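Engineer: Structure provided below as structure tokens; questions to follow.
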Amino acid sequence: MAARKNSILVVDDTPTALEVLERNLTIEGYRVTTAPGVVDAVRILESSPIDLVITDYKMPRSNGLDLIRHIRENWHDTEVIMITGYASVKGAVEAVKMGAEEYLPKPFTDEELFAAVERALNKQQLRKSVLDRQPHEGPDSYGILGKTKAIRKVFADIEKAAVSNATLLVLGESGTGKELVARAVHYSSSRASSPFVPVNCGAIPEKLLESELFGYTKGAFTGALESRAGFFQTADGGTIFLDEVNEMSPAMQVKLLRVLQDKQVCMVGARRTQQIDVRIIASSNKDLLSLVRKGSFREDLFFRLNVISIKIPPLRERRDDIALLIAHFAAKFADELEKTPPAFSDDTLQVLINYAWPGNIRELENLVQRLVVMTEDKIIKIPDLPSIMRFSAMSGTVPLRSLAEEEEAYIRMVLASVGGNKSRAAEILRIDRKTLRDKLKP
């Protein structure tokens, strides 16, 4: 197993427990230090950087709660997990209030321990990502941020599409960054030194779209006092990006189909066509195939556009990227205002990660801008968020969550209500203990 970089301090007055925990965590690749009590643990914390402390509850003289309190007062970035053989709801509440991230009642399995450790360290990494002002983008990302598997696939698709001149269709919900992907393909291709011309098909009135795309000659219509090139001529040698191509009328779809077939355009009022060398990238925020079945989008045009396709995942399917995006936007808007980027409390960050984001990245960017501009405090808290997000946090529910997510949330609520007693929780849920463990695996 590849070695991990995280350092863990295990505190327990029982030598056997220390030995077992140290051995198991070391096998998993963590750097493990042990201490038989609170005093020794504090000395280690003062002399060495520790990412996570796993402490027993009951110990002579000073107990685990005393250690948690001391850690929270002096080492804000260190995470804490409390383990105890005296499990109770009161003990769990006290530990969480003091700042413990997890509360593990004995006996627990190795899988439960490793899962708790991973959750605590992931939360720590999340906090660090938000506080880190450095942009999280690679040298060839063209402003597209992320490191999740879903967005790495988009990066790979961009690289493949960039080596071709084939027509490209970019699919994704509104606000996911379809134009960024189109720009990334263009500027990664051999056409990078030529124009990139974006056209919002839904924003141009239908009567003007043809003349805007293909240009017009002098006298072609009232007000045409001189000839004017269209977007296709402007993009000659480069790329034209037809954003929301699904908004085109049936008549314009026919004209676009001819351009794709012949690589020629005809200006409004002209008798001759012009040869063009333009790569076409189109996008849609709707399922084009579904529109084809309904008869509102031409099937032949769909197949002409869908030579290569890139699908951008919605933000709710790449939640691990949300912290990176928050960090980027907070730094961006704070720099514009010449102020220090605000920090986000753990609870606030968790609400933002759990939120459904129907407006995707555009909605997130607008929210962060609003928070940076309007919030005076250095730390953004839940009351600073819009009411829909505050309601989500207070109600303990997440909008538009999957059935699996709802099930896990309910199981954890039942488990907490019985003080972490898995046998009792399994009895209430009417499942066996093994099924319960399987459902809680990350």
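Engineer: Take Ser283 and decide whether it is part of a helix (DSSP H, G or I) and of a type in the set (Gly, Ala, Ser). Walk me through how you get there before you give the answer.
Structural biologist: Values: part of a helix (DSSP H, G or I): no; of a type in the set (Gly, Ala, Ser): yes.
So Ser283 fails the test.
Engineer: Related question: Any idea how many residues of the stretch 314-340 are in contact with a helix residue (DSSP H, G or I) (Cβ under 8 Å, 6 or more places away or on another chain) and closer than 17 Å to Arg370 by Cα?
Structural biologist: Within the stretch 314-340, residues that are in contact with a helix residue (DSSP H, G or I) (Cβ under 8 Å, 6 or more places away or on another chain) and closer than 17 Å to Arg370 by Cα number 12.
Engineer: Just to verify a result, which residue in the stretch 120-161, among those that are surrounded by 15 or more Cβ atoms within 10 Å (Cβ to Cβ) and basic (Lys, Arg), is modelled with the lowest pLDDT?
Structural biologist: My answer is Arg127.
Engineer: Also, quick follow-up: Based on this model, can you work out whether Asp77 counts as out of contact with any strand residue (DSSP E or B) (no Cβ under 6 Å at 6 or more places or on another chain) and acidic (Asp, Glu)? I'd like the intermediate steps shown before the answer.
Structural biologist: Working: out of contact with any strand residue (DSSP E or B) (no Cβ under 6 Å at 6 or more places or on another chain): yes; acidic (Asp, Glu): yes.
Yes; evaluated as a whole, the condition is true for this residue.
Engineer: Counting only residues that are within 30 Å of Val181 (Cα to Cα) and surrounded by fewer than 20 Cβ atoms within 10 Å (Cβ to Cβ), how many does the stretch 368-387 have? Please lay out each step first, then the result.
Structural biologist: Taking the stretch 368-387 first, the residues within 30 Å of Val181 (Cα to Cα) are 368-373, 385-386.
Now restrict to residues that are surrounded by fewer than 20 Cβ atoms within 10 Å (Cβ to Cβ): 369-370, 373, 386.
Number satisfying all stated conditions: 4.
Engineer: Ok, one more. Which of the following residues is farther than 20 Å from Glu173 by Cα and crowded, with 19+ Cβ neighbours inside 10 Å: Leu288, Leu301, Leu305?
Structural biologist: Numbers: Leu288 fails: farther than 20 Å from Glu173 by Cα; Leu305 fails: farther than 20 Å from Glu173 by Cα.
Among Leu288, Leu301, Leu305, only Leu301 is farther than 20 Å from Glu173 by Cα and crowded, with 19+ Cβ neighbours inside 10 Å.
Engineer: Can you name the residue in the stretch 65-103 that is of a type in the set (A, V, I, L, M) and in contact with a helix residue (DSSP H, G or I) (Cβ under 6 Å, 6 or more places away or on another chain) and, of all such residues, is modelled with the lowest pLDDT? Please lay out each step first, then the result.
Structural biologist: To start, the set of residues in the stretch 65-103 that are of a type in the set (A, V, I, L, M) comprises 65, 67-68, 71, 80-83, 87, 89, 92-93, 95-96, 98, 100.
Then keep just the ones that are in contact with a helix residue (DSSP H, G or I) (Cβ under 6 Å, 6 or more places away or on another chain); that gives 65, 67-68, 80-82, 98, 100.
Numbers: Leu65: 83, Leu67: 86, Ile68: 84, Val80: 88, Ile81: 88, Met82: 82, Met98: 55, Ala100: 66.
Out of the qualifying residues, it is Met98.
Engineer: Which residue is surrounded by the most Cβ atoms within 10 Å (Cβ to Cβ), if the candidates are limited to the stretch 1-53 and must be among the hydroxyl-bearing types (Ser, Thr, Tyr), part of a strand (DSSP E or B) and without any contact (Cβ under 8 Å) to a residue 40 or more places away in the chain? If you could, list the steps in order and put the result at the bottom.
Structural biologist: Restricting attention to the stretch 1-53, the residues satisfying the condition of being among the hydroxyl-bearing types (Ser, Thr, Tyr) are 7, 14, 16, 26, 30, 33-34, 47-48.
Then drop every residue that is not part of a strand (DSSP E or B), which leaves 7, 33-34.
From what's left, without any contact (Cβ under 8 Å) to a residue 40 or more places away in the chain: 33-34.
Numbers: Thr33: 17, Thr34: 20.
Per the stated criteria, the residue is Thr34.
Engineer: Taking the stretch 330-367 as the search range and keeping residues that are charged (D, E, K, R) and in contact with a Phe, Trp or Tyr (Cβ under 8 Å, 6 or more places away or on another chain), which one is surrounded by the most Cβ atoms within 10 Å (Cβ to Cβ)?
Structural biologist: From the stretch 330-367, those charged (D, E, K, R) are 332, 335-336, 338-339, 346-347, 362-363, 365; that's our starting set.
Then drop every residue that is not in contact with a Phe, Trp or Tyr (Cβ under 8 Å, 6 or more places away or on another chain), which leaves 363, 365.
Details: Glu363: 16, Glu365: 18.
Checked the stretch 330-367; the qualifying residue surrounded by the most Cβ atoms within 10 Å (Cβ to Cβ) is Glu365.
Engineer: Report whether or not Ser194 is surrounded by fewer than 17 Cβ atoms within 10 Å (Cβ to Cβ), in the same structural domain as Asp243 (by TED's automatic domain parsing) and closer than 21 Å to Ala166 by Cα.
Structural biologist: So Ser194 does not fit the description; no.
The values are calculated or read from the model by the stated rules, or taken from the named source; none is laboratory data. Since the model is a prediction, treat every value here as computed from it, not as a measurement. Here Cβ is always computed from backbone atoms with ideal geometry, including for glycine, and neighbour counts include all displayed protein chains.
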